[in-house]
Amino acid sequence: MRSTHQEPRSSSSCAACKFLKRRCTPNCQFAPYFRSDEPKKFAKVHKVFGASNVSKILNEVAEEQREDTVNSLVYEAEVRLQDPVYGCIGAIASLQHRMVELQHDLLLARARLACCAADNHHHQQQQQLQLHQQQPSDLSFLDPFVQMPGIGGGGGGGVAVGGFDGDQNMLPFDQFITTSPFQFP
């Protein structure tokens, strides 16, 4: 019985039967997996495993798993032909080695990123510190009521003007701040 996800068979022999030079029967177990237009696929599997061993393996596997089994056999045969000594183990070891290299590269990249982020943070702190050090410590020039010319005592300097108390008396700036009902940040 063929699996339902396979293409319908053509009237010609399957690749396995062609390779083995035998007549392909309607219930050929190789036909669903080795189509007539893929002769190299079976040739590789036959060279590594042999037709009787492939037949035994397919008989031991549930029908719904046979397509995956054949794909695995084809892959294993291709790799074994490329690397007769190590076969799939060589491919697995190579992939594991590559994975270790990539994990190492990732750790290095993360460390460099953390270092750059720390350097950037340190650089920002240094810039803020430099800006703070460059600012004048006496910020009284920013207050419009402090040392306004012409206000207060006559000519040029004047007294710091703060505001009025509840009786409309003018208070100096420092007394206005401490006695004012208004909250300043």
Open item on the list: Quick test of your reading of the structure: Pro84 fulfils all but one of (1) in a helix (DSSP H, G or I); (2) surrounded by 10 or more Cβ atoms within 10 Å (Cβ to Cβ). Name the failing condition by number.
Closed with: (1)
Open item on the list: Pairs needed: first member in segment 43-63, within 15 Å of Tyr33 (Cα to Cα) and touching a residue at least 24 places away in the same chain (Cβ under 8 Å); second member anywhere, surrounded by fewer than 17 Cβ atoms within 10 Å (Cβ to Cβ) and among the hydrophobic types (A, V, I, L, M, F, W, C); C-beta distance under 7 Å; at least 6 residues apart or different chains.
Closed with: Lys44/Leu81; Ala51/Leu20; Glu63/Met1
TODO: Determine whether Glu64 is assigned to a helix (DSSP H, G or I), under 20 Å from Lys18 (Cβ atoms) and open to solvent by 60 Å² or more (accessible area, probe 1.4 Å).
DONE: no
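From Leu107, Leu129, grab the single residue that is surrounded by 10 or more Cβ atoms within 10 Å (Cβ to Cβ), modelled with pLDDT of 90 or more and not basic (Lys, Arg).
Exactly one of Leu107, Leu129 is surrounded by 10 or more Cβ atoms within 10 Å (Cβ to Cβ), modelled with pLDDT of 90 or more and not basic (Lys, Arg), namely Leu107.
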TODO: Residues being assigned to a loop (DSSP other than H, G, I, E, B) and acidic (Asp, Glu): count how many of those fall in segment 10-61.
DONE: 2
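The values are calculated or read from the model by the stated rules, or taken from the named source; none is laboratory data. A quick note: this is a predicted structure, and the numbers were derived from the prediction, not measured. With ideal geometry, Cβ positions are generated from the backbone for all residues, glycine too; neighbour counts draw on all protein chains shown. Please note that ligands, DNA and RNA were not included when accessible areas were found on the heavy atoms of the full protein model with its side chains. Shrake-Rupley method; radii C 1.70, N 1.55, O 1.52, S 1.80 Å.
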